[in-house]
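See below for the structure under consideration.
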Amino acid sequence: MSTVPVVEAHQIVKRYGATVALDHADLSVLPGQTHALVGRNGAGKSTLVSILTGLTEPDSGTVRLDGQPAPGLSDRDAWRARVACVYQRSTIIPELSVAENLLLNRQETRGGLIRWRSVRRAATELLERWSVDVDVRRPAGELSVEQRQFVEIARSLSFGARFVILDEPTAQLDGAAITRLFGHIAELQRQGVTFLFISHHLQEVYEICDTVTVYRDARHILTTPVAQLPKADLVAAMTGENAVATETRTTSVQSGSPVLQVRELSLDSRYDNVSFDIAPGEIVGLAGAGASGKTELAETLTGLRKADTGTILVADRSPRPGDVPAALAAGIGFVPEDRHHQGFVPEMSIADNTTMTVMDRLGPGIFVRAGERDRLAGTMITRLEVKTPGPQLPVSALSGGNQQKVVMARALAVDPRLLVLITPTAGVDVRSKDFLLGKVAEAAAEGTAVLIASDELDDLRLCDRLLVMVHGELTTELPAGWQDREVVAAMEGVDLDA
Ligand SMILES: Nc1ncnc2c1ncn2[C@@H]1O[C@H](COP(=O)(O)OP(=O)(O)OP(=O)(O)O)[C@@H](O)[C@H]1O
Ligand SMILES: [Mg+2]
């Protein structure tokens with residue numbers, strides 16, 4: 001096998017104003033490897049990806065692809081032929097069909113007209129070749145995250161690339177979709193495709209990668225075979241500290257009337273006849289597979305959806321159903337599933353985003369006192385350890401995990417009675433995860449009722465009890481102290497004692 005690296009980044013430096021995103025960082029990926037790149041939020045991983053795919057020019061340093069100097073930044077075709085990437089954010093255009101997305105900018109034309117029939121045929125063949133089962137006539141916006149990723153991978157492979165970068169591909173996928181993605185990766189590996197894989201789920205690194213590179217604070221720390229690096233050492237390399245024992249939480253459940261009362265709530269084909277309470281200071285987890293209805297149920301509590309029948313009482317009052325401002329006014333803070341669509345306004349500053357929901361508290365009428373807003377945002381940035389030079393930076397300039405922290409900050413900023421969190425730590429690094437969940441526990445200790453809907457068992461460990469949904473019904477309730485296998489079995493609808 002050739003030992004010329006598929007990609008070799010040498011002494012890369014990249015600054016954004018006062019921020020050093022990459023500081024003489026190296027990376028070398030050999031053909032056939034599935035190479036993991038890990039590091040905490042803001043370590044410089046996505047910045048490196050944008051340099052390795054020709055979207056950003058480094059301040060200094062060199063990139064070689066297959067032993068050749070990288071193409072010029074403007075030569076998009078040359079880049080596409082060498083490296084493919086599924087970015088942390090999608091590059092699919094939702095308004096266009098799958099076929100149009102696949103063949104964007106290279107549709108066959110005759111006399112200036114696009115030949116739609118041949119475009120569709122070409123697109124179908126392309127997806128078949130890479131075993132992607134999607135109807136090319138559908139608008140891409142209707143695709144699931146999983147289908148969108150497969151379309152993006154097929155698109156880049158069709159340009160001839162045999163090196164694929166996946167920047168947190170699993171952050172938004174459920175368990176079954178992750179299994180299918182890994183199956184796809186294994187198949188492409190057999191066909192000679194090399195991978196660079198970025199993930200905050202370290203167990204995935206152990207599952208599918210053979211080599212790992214760790215970045216910390218913009219610098220390369222180590223590159224080693226995965227099998228030779230125990231998990232504790234990997235975390236130590238990422239954080240620069242030895243493992244800290246995670247404290248077990250003491251419950252803060254208060255007696256007295258429940259903060260949240262859900263009664264016989266139903267939403268057609270999503271969930272059916274769901275009833276439960278959450279006490280002040282209580283943290284309740286909501287687990288369930290992709291189609292269990294847990295996300296839809298949580299979204300109903302925040303006003304993003306409206307139930308067909310049933311009632312929701314928050315502190316004995318019933319906020320207007322299906323109305324987000326009404327839910328906020330009732331004291332519900334929430335972290336939505338899709339931060340890009342529901343979570344924040346990327347063009348607005350961190351200050352505006354964190355304080356959006358507390359505007360009414362900051363000043364009378366429509367005039368927001370800028371000083372007051374920046375002070376509050378500053379407090380939230382410090383409280384949640386958002387890595388940024390200051391509150392005026394647009395949120396889009398933050399690293400992915402730090403954007404998630406802004407969404408969390410906003411949910412906590414309202415001093416909510418009820419916190420509804422949907423996959424709250426998606427894209428957040430191991431250490432920051434514990435930190436954010438610690439903030440949730442602090443809110444509970446002050447009497448906030450909390451609902452956490454998540455596929456990640458690590459998000460659910462601090463819960464006082466766990467509700468499990470299967471096909472739209474609440475089937476199981478587990479007290480704190482559950483075993484992982486009990487939860488997995490309950491989610492699958494399997495009875496362990498049977
Ligand atoms: N366009 C930009 N303007 C200003 N700062 C930026 C910009 N892009 C990235 N940065 C900064 O560069 C640093 C590295 O960010 P990067 O996105 O590479 O981190 P990351 O390792 O991908 O983190 P995460 O795991 O959270 O995705 C961060 O401090 C980020 O705020
Ligand atoms: Mg990133």
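The values are calculated or read from the model by the stated rules, or taken from the named source; none is laboratory data. Quick caveat: nothing in here was measured; it's all calculated off a predicted structure. Here the Cβ is made from the backbone with ideal geometry for all residues, glycine too, and neighbour counts use every protein chain on show.
Taken over region 259-294, residues that are crowded, with 18+ Cβ neighbours inside 10 Å and in a strand (DSSP E or B) amount to 14. The set of residues from region 304-330 being closer than 17 Å to Leu418 by Cβ, modelled with pLDDT of 90 or more and within 26 Å of the chain's Cα centre (by Cα) comprises Arg305, Gly322.
Against the list (1) at pLDDT 75 or above; (2) of a type in the set (Ser, Thr, Tyr); (3) within 8 Å of ligand 1 (Cβ to nearest atom), the condition Ser432 fails is (3). Within region 214-234, residues that are under 21 Å from Ala25 (Cα atoms) have Cβ atoms under 9 Å from residues that are exposed (fewer than 13 other Cβ atoms within 10 Å of the Cβ) in these pairs: Arg216/Gly240; Asp217/Gly240; Ile221/Gly240, counting only partners at least 6 apart in sequence or on another chain.
Taking every residue in region 396-407 that is part of a helix (DSSP H, G or I) and pairing it with any residue that is within 6 Å of ligand 1 (Cβ to nearest atom) and of a type in the set (Phe, Trp, Tyr), at least 6 positions away or on another chain, the pairs with Cβ-Cβ distances below 8 Å are Ala397/Tyr16. Every condition in (1) within 16 Å of ligand 2 (Cβ to nearest atom); (2) of a type outside the set (D, E, K, R); (3) at pLDDT below 95 is met by Val214 except one, and the failing one is (3).
Is one or more of the residues making up region 354-364 in a loop (DSSP other than H, G, I, E, B), away from ligand 2 (no atom under 16 Å from the Cβ) and at pLDDT 75 or above? Write out each step before concluding.
Within region 354-364, the subset in a loop (DSSP other than H, G, I, E, B) is 363-364.
Of the ones still in play, those that are also away from ligand 2 (no atom under 16 Å from the Cβ) are 363-364.
Subsequent filtering for residues that are at pLDDT 75 or above retains none.
Scanning region 354-364, I find no residue that is in a loop (DSSP other than H, G, I, E, B), away from ligand 2 (no atom under 16 Å from the Cβ) and at pLDDT 75 or above, so the answer is no.
Restricted to strands (runs of 3 or more DSSP E) entirely inside region 435-487, those with at least 3 residues that are surrounded by 15 or more Cβ atoms within 10 Å (Cβ to Cβ) and among the aliphatic types (A, V, I, L, M) are 449-453, 465-470.
Scan region 16-35 and give yes if some residue there is at pLDDT 95 or above, in contact with a His (Cβ under 7 Å, 6 or more places away or on another chain), in a strand (DSSP E or B) and of a type in the set (Val, Ile, Thr), otherwise no. Among the residues of region 16-35, at least one is at pLDDT 95 or above, in contact with a His (Cβ under 7 Å, 6 or more places away or on another chain), in a strand (DSSP E or B) and of a type in the set (Val, Ile, Thr), which makes the answer yes. The requirement of being at pLDDT below 95, surrounded by 14 or more Cβ atoms within 10 Å (Cβ to Cβ) and under 22 Å from Pro336 (Cβ atoms) is not satisfied by Ser252.
Among the numbered conditions (1) surrounded by fewer than 16 Cβ atoms within 10 Å (Cβ to Cβ); (2) without any contact (Cβ under 8 Å) to a residue 60 or more places away in the chain; (3) within 14 Å of ligand 2 (Cβ to nearest atom), the only one that Tyr16 does not meet is (2).
In summary, strands (runs of 3 or more DSSP E) completely within region 138-241 and bearing 2 or more residues that are over 18 Å from Gln88 (Cβ atoms) occur at 211-216, 219-225. Screening Pro71 against (1) assigned to a helix (DSSP H, G or I); (2) free of Cβ contacts under 8 Å to residues at least 40 places away in the same chain; (3) more than 16 Å from ligand 2 (Cβ to nearest atom) leaves a single unmet condition, (1). Residues of region 36-54 that are within 10 Å of ligand 2 (Cβ to nearest atom) and either free of Cβ contacts under 8 Å to residues at least 60 places away in the same chain or in a helix (DSSP H, G or I) (or both): Lys45, Ser46, Thr47, Leu48, Val49, Ser50.
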